[in-house]
Amino acid sequence: MNLVNWHLRCYASTGMTHSHIVKGRIFAGILALISIATLRAFAGDVVEIRLRGHYFSEPATVQITVAVEPDAANRVLRVEADGDRMYRSTEVTLLGDGDKRLHTVEFKNLPAGAYELRAEVLSSDRVRGMATQELLVAGVGGR
């Protein structure tokens, strides 16, 4: 039995009406959404992409600064540029809570296309946080 059903049975055992139970379900749903939003906001605080500009000309050299909140569980920073015609990635070893906050990664010679930049902070057993940002590299003749 999940937590929402348990609360609803508690309401029913106290003699509450159907409208109280419906309001309880709505309230429980709102609490669940707030919890999910809080977890996403917390996960987002672990890592942040800082990019100077969103539009580049090919062949593009893109310097990406990634802010990582130092934590003892941090082991790896993975940065990816995922495009329609090209994929690049790199990994940086993190030294836990004693590591620096800002890390710089450079991708050279990116061809024209739309890219999604992703930065993930990994612990030894899970993804601790992820950030994404869009990037556009324009080619010769509007490619």
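Over region 46-142, what per residue volume does the convex hull of the Cα atoms give, in whole Å³?
That works out to 77 Å³ per residue.
Among Leu95, Leu135, which comes first, then next, by fewest other beta-carbon atoms within 10 Å?
Lowest count first: Leu95, Leu135.
Put in order of Cβ neighbour count within 10 Å, fewest first, the listed residues Val62, Val127 become Val127, Val62.
Going from the fewest other Cβ atoms within 10 Å to the most, the residues Asp125, Asp82 appear in the order Asp125, Asp82.
Taking a Cβ cut-off of under 10 Å around Arg78, the surrounding Lys, Arg, Asp and Glu residues balance to a net charge of -2, with basic ones at +1 and acidic ones at -1. If you take the Cα centroid of region 63-96 and the Cα centroid of region 111-133, the two points sit 6 Å apart.
Every number in this text was worked out from the coordinates using simple rules, so none of it is lab data. Being a predicted model, the structure only gives us computed values, none of them experimental. Cβ coordinates were reconstructed from backbone atoms using ideal geometry, including for glycine residues, and neighbour counts include every protein chain displayed.
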